[in-house]
Amino acid sequence: MRITLAIFFTVVLIGMTVVTVRASLVRPVWDNGQLLRDPWFIATLCDAYFGFLTFYLWVLVRERRLLPKLCWLVAILLLGNFAMAAYALIQLARLERGRPLSDLLCPRPAQ
């Protein structure tokens, strides 16, 4: 399951990179004035950011120190799924061999 999760989050990173580069080649991100008037765009944006903040709750539980908590908040709010996939891959890499995946959901032990 550990390898499956690593593959999944790697696919998320690659997929997000591909669709972001492709979209950027068509229209720059700052050229979206029309979108801001579309109620479905606003609803989708709110849905995405509520998802980001939900994921961030896990980060709050996992991280012990304030600086990493703040850095991950900024990264998740600015980079969304890029940062979330990176965080998950880092946590998977830090999980000691033989430890259950359920340890990922718990706070990190004091170091």
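The values are calculated or read from the model by the stated rules, or taken from the named source; none is laboratory data. Source: prediction; values computed, not measured. Cβ: placed from backbone, ideal geometry, glycine included. Neighbour counts: every protein chain shown.
There is at least one residue in segment 25-38 that is over 13 Å from the mean Cα position of the chain (by Cα) and of a type in the set (S, T, N, Q). The lone criterion from (1) within 19 Å of the chain's Cα centre (by Cα); (2) among the aromatic types (F, W, Y); (3) surrounded by 11 or more Cβ atoms within 10 Å (Cβ to Cβ) left unmet by F50 is number (3).
Looking across T10, T44, one residue alone is among the polar types (S, T, N, Q), surrounded by 12 or more Cβ atoms within 10 Å (Cβ to Cβ) and free of Cβ contacts under 8 Å to residues at least 24 places away in the same chain. It is T44. Among the residues of segment 65-82, those that are closer than 18 Å to V12 by Cα, surrounded by 13 or more Cβ atoms within 10 Å (Cβ to Cβ) and not β-branched (V, I, T) comprise W72, A75, L77, L79, G80, N81, F82. Being exposed (fewer than 14 other Cβ atoms within 10 Å of the Cβ) and either in a helix (DSSP H, G or I) or modelled with pLDDT of 95 or more (or both) is true of I3.
Taken together, W72, W58 contain a single residue that is under 12 Å from the mean Cα position of the chain (by Cα), of a type in the set (F, W, Y) and under 18 Å from L5 (Cβ atoms), which is W58. Looking at the structure I just gave you, is R27 among the basic types (K, R) and surrounded by 11 or more Cβ atoms within 10 Å (Cβ to Cβ)? No: the conditions fail for R27.
Looking only at segment 9-57, residues that are at pLDDT below 85 and aromatic (F, W, Y) come to 1 in all.
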